[in-house]
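Written below as structure tokens is the structure these notes are about.
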Amino acid sequence: MQPNPYTPSGRPRVFVGRERERQRLRDQLARVVAYGEMMGPLTVVTGPRGVGKTSLLRDVGEQAAENGLVVAWVSAVKQQPILGELIHQVRTALERAEVLDPKSARRVEEVGVEVSAGIAKVSAKIGSSAGWPAEAPAAVVGPVQDFLRHTSNLVRERGGAGLLVVIDELHAPLESRGSTERDPYDPEPQAVTDAGVLLNVTQNMDAERQHFPVAVIGAGLPQTKALLTRAATFGERTHELVLGEMDHATAEAVLVEPARRLGVEWSSDALAAALEDADGYPQTLQIIGSATWEAARPEQGAILEVNNVILGRRAALAEMTSLFHTRWAVASEAEREFLTAMAQLPESMVSRAAIAAELGVDTDALGMTRRSLIGKGIIEAPQRGQLRFTIPGFAEYVRGQVDDSEH
């Protein structure tokens, strides 16, 4: 048996598709490489969970590193400030790239300490205040800006192209701490301040781009840009790249290419069955590909047949059910009622009016619950007034929950 080339819970071994988004990000990064200047305003890749945001940024980061950029990867944490982690990861990336000599290391440490002191001041200010003090971010904006200017130019002085900071799960620090029914928006104040500082810094660097060989790219759920705009009004200037389901040709390549590199092919019937089950959803494609491979246990030169897809469906369904259960578990009671009403409707894309009629309420009463479910990545609004589940098969799972509760 050849090793399984599919990765249901991780980065794909063979990255396929997203050419438009990859090219746009590469074009922006080319400004840093060629001219030693800021790539532009903060860019955020958004979309529901499982559509490949992190995989896209890993791919772009690898290409950036090949082009001479030092890449600092920051993983944001729910309701936690982000600047301290950003500073740490930049310093770590410089150390790994062997950019720092003793003198420059001391300077980076000094600037980092200054930033940390500023963060502490802001934290103390917030701790003694009922709100978010408008003047507090100024204590950190300057030091963070100096830190990124110094570190990015240090890379360039050592023969590199500059610095790329990637922030994954950018929405997480800004999520509300309270129940959506009780409090529509109650984030961690320090996390909001940190986001405001980050937006101020990227805005300032772009205005003086010739001094900052830096790029800052984030990834998050669909609500990320709206949350950033709450932290600072000019967050609306953030460039957003929205990822959705894959088209037929790309979805086919996601299944075919990893197998082909190991000398294994898909029959046309097997491919058609797998594509119908996955419905263009990247994570489902990986799950089905992996389950089919395990069922077939192919040697080099083998062909995956439709019976392998059928035999693998039980394992694939078990893994998909685990995903569905996670999404159902994070939904509130009101959200579950909304999801149940939506799942009872026969169309894959349903109107708000139809959901309201199913629940026996006015459409205006759905607003908060609808926004929360979109924010959690459980549903999406591909057209005005229309909604659908972000992951194929979730409607059937919800109907099963209703059936189980009735017995």
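The values are calculated or read from the model by the stated rules, or taken from the named source; none is laboratory data. Nothing here was measured: the structure is a model prediction, and the numbers come from that model. All Cβ positions, glycine included, derive from the backbone under ideal geometry; neighbour counts span all protein chains shown.
Listing for the model above:
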read-out: Among the residues listed as 384, 336, the single one being charged (D, E, K, R) and at pLDDT below 90; value: 384
read-out: Those residues of the stretch 37-59 which are farther than 20 Å from residue 162 by Cβ and part of a loop (DSSP other than H, G, I, E, B), in sequence order; value: 47, 48, 49, 50, 51, 52
read-out: Qualifying residue in the stretch 223-232 (condition: farther than 21 Å from residue 53 by Cα and of a type in the set (A, V, I, L, M, F, W, C)); value: yes
read-out: Residue in the stretch 279-305 that is surrounded by the fewest Cβ atoms within 10 Å (Cβ to Cβ), counting only those that are closer than 15 Å to residue 7 by Cα and of a type in the set (Gly, Ala, Ser); value: 290
read-out: Some residue of the stretch 324-332 being in contact with a Leu (Cβ under 6 Å, 6 or more places away or on another chain) and under 20 Å from residue 376 (Cα atoms); value: no
read-out: The stretch 160-180, residues that are part of a loop (DSSP other than H, G, I, E, B), touching a residue at least 40 places away in the same chain (Cβ under 8 Å) and of a type in the set (Gly, Ala, Ser); value: 160, 161, 179
read-out: Tally, over the stretch 210-237, of residues that are surrounded by 21 or more Cβ atoms within 10 Å (Cβ to Cβ) and of a type outside the set (A, V, I, L, M, F, W, C); value: 7
read-out: Residue count for the stretch 60-80, restricted to those that are part of a helix (DSSP H, G or I) and touching an Asp or Glu at 6+ places or on another chain (Cβ under 9 Å); value: 1
read-out: Pairs where the first residue, in the stretch 323-335, is farther than 14 Å from residue 49 by Cα and the second is at pLDDT below 90 and of a type in the set (Lys, Arg), C-beta under 9 Å, 6+ apart; value: 331/376; 335/376
read-out: Selection status of residue 65, small (Gly, Ala, Ser), in the same structural domain as residue 188 (by TED's automatic domain parsing), in contact with a Ser or Thr (Cβ under 8 Å, 6 or more places away or on another chain) and within 15 Å of residue 160 (Cβ to Cβ); value: no
read-out: Pairs, first at positive phi in the stretch 36-55, second of a type in the set (Phe, Trp, Tyr), C-beta under 9 Å, six or more apart; value: 36/212; 50/281; 52/15
read-out: Unique match (being within 23 Å of the chain's Cα centre (by Cα), surrounded by 13 or more Cβ atoms within 10 Å (Cβ to Cβ) and more than 25 Å from residue 78 (Cα to Cα)) among 377, 393; value: 393
read-out: Positions within the stretch 82-139 being among the hydroxyl-bearing types (Ser, Thr, Tyr) and either modelled with pLDDT under 75 or closer than 26 Å to residue 192 by Cβ (or both), in sequence order; value: 92, 116, 123, 128, 129
read-out: Residue that is surrounded by the fewest Cβ atoms within 10 Å (Cβ to Cβ) [pool: residues in the stretch 1-36 that are part of a helix (DSSP H, G or I) and of a type in the set (Gly, Ala, Ser)]; value: 34
read-out: Sole residue being modelled with pLDDT of 90 or more and either among the basic types (Lys, Arg) or in contact with a Leu (Cβ under 8 Å, 6 or more places away or on another chain) (or both), chosen from 252, 208, 276; value: 252
read-out: Among residues of the stretch 302-318, those that are within 19 Å of residue 259 (Cβ to Cβ) and either assigned to a helix (DSSP H, G or I) or among the acidic types (Asp, Glu) (or both), counted; value: 11
read-out: Answer from 164, 199 - the residue that is under 14 Å from residue 228 (Cα atoms) and at pLDDT 80 or above; value: 199
